[in-house]
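Structure first, then comments.
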Amino acid sequence: MKKLLVLFLLSSAALSIKAQEVDFKMKLPLNEAYKSSVTMKMDIEGQQSMIMDMAIKSTVTPTKLEGTNYTFESIMDAVKVDMDAGMMTMSYDSETPSDDPTSTMLGAQFEKMLGKKMIMVTSDKGKLISSEGIEGMDNALDNMGMTASYPEKAVKPGDTWPSEVEAKGIKTVANNKFVGKTDEGYQIESIGEMKGEGDAKIGNFNANYIVDPVTFFTKSATIKMDMEVEGQKVSTDMIMSVTK
């Protein structure tokens, strides 16, 4: 009787652990648009110190699924930029244009991006396959992808897995952790570093994602990056939210 009770308890515990396991894999309906909002604060310290605040509104649509790879089309709908370079400040808001000369000058750099299409191919496990941006603009989220990097097998809260992504000459190496389920969705934490030429470390990052429990697409994310580029220290804080 005692052995049966022990077996029952062990079986119940195993079933409970199994029930908590999640197989992270994007399951997105095609041609249904999502609205993405990204706010970014960038602080550059060096010979050309500058603080820049940027807010970008985009429409993101999964248009194709080939095997396990999704193709996303992203169109920038609006952008707002505030720059403080010490002796000079500039602002531009595509939704409320200004005749101010500095705003016009800054706007000339960003207007060419509005309405333009960016293409990103990502596996259903969140691995970035390729990206094609707008000429003259690097997507700050390229190395993070549209989502966190997902594990190859089902995981339970507390489990971790490594990931590695390379885009535009920068390699991102991370350790990812399934934190658990919140009221909003599944939470994943990614901590790692960025490497440049010759695998030399150029920065660190820390990211937290909330993932939709049905589609496994990002609902929100906070990302902090610290890099050193050409002798200048660059700190970036980003907040992203995605809605239908």
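The length gained by stretching the chain between residue 64 and residue 52 to full extension, at 0.36 nm per residue less their Cα-Cα distance, is 0.8 nm.
Phi-derived couplings, Karplus 6.51 cos²θ - 1.76 cosθ + 1.60 at θ = phi - 60°, listed residue by residue for the range 193-206: 9, 10, 10, x, 4, x, 6, 6, 5, 10, x, 10, 8, 9 Hz, with x used for Gly and Pro.
Using the Cβ-Cβ distance between residue 89 and residue 37 with R0 set to 35 Å, the FRET efficiency works out to roughly 0.90.
Convert 20 °C to kelvin, take the viscosity as 1.002 mPa s, use the Kirkwood radius over C-alpha pairs of the range 22-243 as Rh, and evaluate the Stokes-Einstein diffusion coefficient in µm²/s, rounded to a whole number. In µm²/s, the coefficient rounds to 117.
When each of the peptides 233-239, 119-125, 158-164 is scored by the mean number of other C-beta atoms lying within 10 Å of its residues, the order from highest to lowest reads 119-125, 233-239, 158-164. Extent of the range 152-244 along its three principal axes (Cα atoms, max minus min coordinate, largest first): 43, 27, 20 Å. Charge dipole of the chain (Cα centre as origin; +1 on each Lys and Arg Cβ, -1 on each Asp and Glu Cβ, all else neutral): 1520 debye, rounded to the nearest 20. The string of couplings for the range 96-108 from the Karplus curve (6.51, -1.76, 1.60, θ = phi - 60°) is 9, x, 10, 8, 4, x, 5, 5, 5, 5, 5, x, 4 Hz, one whole number per residue in order, with x for Gly and Pro.
Helix 2-20 axis versus longest C-alpha principal axis of the chain: approximately 20°, rounded to the nearest ten.
Only the coordinates and a few stated rules stand behind these numbers; no lab work does. In this text, all values refer to a predicted model and were calculated from it rather than measured experimentally. Please note: Cβ atoms are built from the backbone with ideal geometry, for glycine as well, and neighbour counts cover all protein chains shown.
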